[in-house]
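Here the structure comes first, spelled out in structure tokens, and everything after it is commentary.
The values are calculated or read from the model by the stated rules, or taken from the named source; none is laboratory data. The model shown is predicted, which means the values in this text are computed figures rather than measured ones. Here the Cβ positions follow ideal geometry from the backbone for every residue, glycine too, while neighbour counts run over all protein chains shown.
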Amino acid sequence: MPQHGTLIRTTDATLIDRIATSGHDWLMLDGEHPSVGLPEMAMMLTAVAGRVPCYARVRALDSALISHALNAGAAGVIIPNVDTVAQAEESVRCVRISRWPKARVVVQAESAEAVRNIAGIVATPGIEWVLIGPYDLTRSLGIAEQLEHPAFHDAVGQIESACRAARVPVGIFSMTPERRVPYEVRGFDWLVTGIDRLA
């Protein structure tokens, strides 16, 4: 069964409360963008109050940011722009040296370089699952936001195949339920649908 989640940037406790009780399997808290800093991330996790597992997308591969998210109550971290095996290994190391060594490690594959290195990335011990960032991936491929372009579908297929071969779950972000359906049919394990606000 796929795990369904949504992307949250709001720090409005009332809205977070509604989202936390809306039936999602998990929530992705977006700390990658400037509107959600360390205090905001802690506030979001406090508002969720452990009612649904939360994965914190940190701004960068940084042990201090990772530790802060885990100390605030995140079940795991989502690390953006993991393009190489060395970055995948460092992602795992940063989580394992935190006070929460059993926290889950998720890496985002969202560039042409990540696609080239995906077999090694998913073979890295400790990587729990891979999340495809479609918009950044299309930009890296030179086909910005062309989600129906053959080059995008080929890149997604390469990531999916590598994950399947390594028995590592794969997920993808989609802005709408309609865009989610093909990946749900294909058996993607983690699906992120929608966002509460764009910036």
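What to note about this one:
- Search result, residues across the range 148-199 that are part of a loop (DSSP other than H, G, I, E, B) and surrounded by fewer than 16 Cβ atoms within 10 Å (Cβ to Cβ): GLU148, HIS149, ARG167, THR176, GLY187, ASP196, ARG197, LEU198, ALA199
- Residue match in the range 98-113 (condition: free of Cβ contacts under 8 Å to residues at least 24 places away in the same chain, on the phi < 0 side of the Ramachandran plot and either aliphatic (A, V, I, L, M) or crowded, with 23+ Cβ neighbours inside 10 Å (or both)): no
- Count - residues of the range 24-41 that are at pLDDT below 95 and of a type outside the set (Asp, Glu): 9
- Candidate set from the range 143-180 (those that are among the β-branched types (Val, Ile, Thr) and modelled with pLDDT of 95 or more); member that is farthest from the chain's Cα centre (by Cα): ILE143
- Evaluating VAL95 against the criteria (1) surrounded by fewer than 22 Cβ atoms within 10 Å (Cβ to Cβ); (2) touching a helix residue (DSSP H, G or I) at 6+ places or on another chain (Cβ under 9 Å); (3) over 29 Å from ALA144 (Cβ atoms) leaves one unmet condition, (1).
- Qualifying positions in the range 73-96 - part of a helix (DSSP H, G or I) and in contact with a Gly (Cβ under 9 Å, 6 or more places away or on another chain): VAL85, ALA88, GLU89, SER91, VAL92, ARG93, VAL95, ARG96
- Test: residue in the range 125-137 that is part of a loop (DSSP other than H, G, I, E, B), more than 24 Å from ILE195 (Cα to Cα) and either in contact with a strand residue (DSSP E or B) (Cβ under 7 Å, 6 or more places away or on another chain) or touching a residue at least 40 places away in the same chain (Cβ under 8 Å) (or both): yes
- Only one of LEU61, LEU45, LEU27 that is out of contact with any Lys or Arg (no Cβ under 7 Å at 6 or more places or on another chain), hydrophobic (A, V, I, L, M, F, W, C) and either touching a residue at least 60 places away in the same chain (Cβ under 8 Å) or in a strand (DSSP E or B) (or both): LEU27
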